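The values are calculated or read from the model by the stated rules, or taken from the named source; none is laboratory data. These numbers come from a predicted model, not from an experiment. Neighbour counts are summed over all protein chains in view; Cβ atoms, including those assigned to glycine, are modelled from backbone coordinates with ideal geometry.
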Amino acid sequence: MVQESVIDVVDKQLANALQIFPRISWMQLGKILGYDPTTLARRWTRLRDAGLAWTVCYQQPEHLEVELPAMALVEVDVRAGQREQVVAALTPLQEVIEIARTSGSRDLLLTVVHASIATADAFISESIASIPGIRATRTRFVQNLYKDGARSHLDVLAPDVINALRRAAEGFAGEPSAPTPLLVSVMQSLLSDARRPASEIAAELGLSTTSVTRAIHRLFGSPWFTAKTDFAHHALGYTTAASLWYRVPTTDLGTVGASIAEVPGVRLSAAILDRMNLAITVWLHHAQDLESLLTRIENAHPRIELCETWLIPSVAKRSGAVLTQDGRFSHQISTSHALAPIGALPRRH
């Protein structure tokens, strides 16, 4: 397991800053954080090379005139001794964007994204349930997403620093645009590294650096595009995670889901089509912190009922990033939803 001491306070501030504005220049970031730009660049290179921090890019189809894809949380039961073989078979699948190893009766929790509920159901039945070693699957479709990892921040920076970073990001953003062929090509070139130099992408695509630079600014100004910085959570002091499943009165679901999304440590808050209709994923500094978190949620929302709690000892894949057993970045697998603008279906009105 990665030790927390691998990352110091400057690294945490750097990671937090790049969560807010992944593309910021080292010169600009140095002025905002008060550190030498060369030092920040060197630290980021060290973090990336060690697999402790990385970036991912994808599109958010809710901001496009396309059919919204279906998202499902899939519980997987695995035959004894075959969990890692099953993980290895699931990892290359583009539609499986997250794989969490869980405690209790479930062995794995998957996040699956597909074109529709019907195609997702067929994919789970044909491509997941048929994998040797899997005994059973249970699927719950996401109805509404109140928070995902792209909106999860470390919160180690002062408010004035956060505001300065947000202003810098707003100043960087170009005119919003629909996903043109040029923007899609540049987005694909950024999938593995949101900070790739424009000159490098230009050489790869056979374009001018100026046109690629302009496209990057337009991407970062378009609401359908998201770039985020992620990290090995163990290295930043989060020793475990948990999945919480609540039953919430239907009339309260939106309010409760959005409110819990703002609780520190909550990485996912989603309404699901199930008797248990709210799924929460939290990161914890210590397993003992779970009790106080549950108490805080229940005190704030006395009408909700906690149905199930699972610990998540480790994650094998997150937002398309394949992780090692100790949570470090290994490599990126392009996800289906990241490439959705290509051949996306028109939305039905």
Those residues that are part of a loop (DSSP other than H, G, I, E, B) and in contact (Cβ under 8 Å) with a residue 60 or more places away in the chain, I need them from region 292-320; list them, please.
-> P313, S319, G320
Confirm whether L154 is aliphatic (A, V, I, L, M) and touching a Lys or Arg at 6+ places or on another chain (Cβ under 8 Å).
-> yes
Do you know which of the residues in region 40-61 that are in contact (Cβ under 8 Å) with a residue 12 or more places away in the chain and among the β-branched types (V, I, T) is surrounded by the fewest Cβ atoms within 10 Å (Cβ to Cβ)?
-> T55
Hey, could you check region 21-70 for residues that are aromatic (F, W, Y) and modelled with pLDDT of 95 or more and say which is farthest from A194 (Cα to Cα)?
-> Y35
Y246 vs. criteria hydroxyl-bearing (S, T, Y), in contact with an Asp or Glu (Cβ under 7 Å, 6 or more places away or on another chain) and crowded, with 20+ Cβ neighbours inside 10 Å = yes
Those residues of region 30-47 that are part of a loop (DSSP other than H, G, I, E, B) and of a type in the set (F, W, Y) come to a total of 1
Specify the residue that is surrounded by the fewest Cβ atoms within 10 Å (Cβ to Cβ); the eligible residues are those in region 249-267 that are of a type in the set (A, V, I, L, M, F, W, C) and under 16 Å from C307 (Cβ atoms).
-> L253
Quick one: would you say R196 is within 24 Å of G30 (Cβ to Cβ) and part of a helix (DSSP H, G or I)?
-> no
Restricting region 162-177 to residues that are in contact (Cβ under 8 Å) with a residue 24 or more places away in the chain, assigned to a helix (DSSP H, G or I) and not charged (D, E, K, R), which is surrounded by the most Cβ atoms within 10 Å (Cβ to Cβ)?
-> L165
Would you say S292 is within 30 Å of D8 (Cβ to Cβ), of a type in the set (S, T, Y) and more than 17 Å from the chain's Cα centre (by Cα)?
-> yes
